[in-house]
Amino acid sequence: VVGWAAQMGTITFHPWPVRREDVDHPDELRLDFDPQPGTDFADAAGIATEARALLDELGIIGFPKTSGGRGLHLYVRIEPRWTFTEVRHAAIAFGRELERRRPDQVTTSWWKEERGRRIFIDYNQNARDRTIASAYSIRPRPGAPVSAPVTWDELNDVSPEDFTVETMPARFAEIGDRHAAIDDVAHSLQPLLDLYEKDEEGD
């Protein structure tokens, strides 16, 4: 799926999280860290530190990237065994656990008026009809920022404005693709689905 950004004369690529013939079973979990008013990329990057710790506890490898705006995306390759609904449940469970750990900084509240000055974990990016800007996609914003793969160690030292159509070619030539290893392991969603079931039973 390609989203056209005519006002900038660019094309933003929004791929579906399915790369196989069985289009009902995604092979990618997408976690969208969406800064709310009063927060910014630095706040999202701070929460990513907690997210990385949670992923480590679950035995899951995540790959962060800038969104090209104020937010942060986190990709996880998964086994294509679960439906879109189950993948969305896994994202909800991840967001809820982050919210428990950082209640003053993270929210999963769907209603905007309830989110406050926190980072919203947009689990709905895993719904069947949703797409998200791909890595290296150019965004229709002043300066032509690029959604840039980064390492965990880079997160606290970069800003979205560092990555543009002018700077990305040199960065890629120097260091290559920061997400080159993303296909090395496909993870199970079962630990997150177990968390989701536990949360539902507790409601």
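The values are calculated or read from the model by the stated rules, or taken from the named source; none is laboratory data. No experiment lies behind these values; they were computed from the predicted model shown. Because the Cβ atoms are built from the backbone with ideal geometry, glycine has one as well, and the counts that use them run over all protein chains shown. For accessibility, only protein heavy atoms count, side chains too; no ligands or nucleic acids. Shrake-Rupley method; radii C 1.70, N 1.55, O 1.52, S 1.80 Å.
Residues of the stretch 110-154 being among the basic types (Lys, Arg) and assigned to a helix (DSSP H, G or I), which ones?
Initially, the stretch 110-154 is screened for residues among the basic types (Lys, Arg), giving 112, 115, 117-118, 128, 130, 139, 141.
Within the stretch 110-154, Lys112 is the sole residue that qualifies.
Test of understanding: among Arg117, Arg70, which residue is under 30 Å from Ala144 (Cβ atoms), open to solvent by 20 Å² or more (accessible area, probe 1.4 Å) and touching a Pro at 6+ places or on another chain (Cβ under 6 Å)? Explain how you work it out, then say what you get.
Working: Arg117 fails: touching a Pro at 6+ places or on another chain (Cβ under 6 Å).
Checking each option against the conditions leaves just Arg70.
Give me the pairs, please: first residue somewhere in the stretch 170-185 and on the phi < 0 side of the Ramachandran plot, second residue anywhere and assigned to a loop (DSSP other than H, G, I, E, B), beta-carbon distance under 7 Å, and either six or more positions apart or on two chains.
That search, which allows pairs on different chains as well, returns Arg178/Val150; Arg178/Thr151; His179/Ala135; Val185/Ile61.
Which residue pairs have Cβ atoms closer than 8 Å, lie 6 or more positions apart in sequence or on different chains, and pair a first residue in the stretch 128-142 that is free of Cβ contacts under 8 Å to residues at least 24 places away in the same chain with a second residue that is open to solvent by less than 70 Å² (accessible area, probe 1.4 Å) and not β-branched (Val, Ile, Thr)?
Qualifying pairs under 8 Å: Arg130/Asn124.
Looking at Ala45, Ala51, which is the one that is free of Cβ contacts under 8 Å to residues at least 60 places away in the same chain, within 16 Å of Val150 (Cβ to Cβ) and crowded, with 22+ Cβ neighbours inside 10 Å?
When all the criteria are applied, what remains is Ala51.
Filter the strands (runs of 3 or more DSSP E) completely within the stretch 10-73 down to those with at least 2 residues that are farther than 24 Å from Phe84 by Cα.
Because the criterion is at least 2 residues that are farther than 24 Å from Phe84 by Cα, the strands (runs of 3 or more DSSP E) in the stretch 10-73 that meet it are 10-13.
Out of all the residues in the stretch 75-98, is one or more assigned to a loop (DSSP other than H, G, I, E, B), of a type in the set (Val, Ile, Thr) and under 27 Å from His187 (Cβ atoms)? Don't jump to the end; show me each part of the working.
As a first pass, look at the stretch 75-98 and keep what is assigned to a loop (DSSP other than H, G, I, E, B): 79-83.
Next cut, of a type in the set (Val, Ile, Thr) only: 83.
Remaining after also requiring under 27 Å from His187 (Cβ atoms): 83.
Checked against the condition, which is being assigned to a loop (DSSP other than H, G, I, E, B), of a type in the set (Val, Ile, Thr) and under 27 Å from His187 (Cβ atoms), the stretch 75-98 yields at least one hit.
Return a yes/no flag: does the stretch 100-109 have any residue that is assigned to a loop (DSSP other than H, G, I, E, B), in contact (Cβ under 8 Å) with a residue 40 or more places away in the chain and on the phi < 0 side of the Ramachandran plot.
yes
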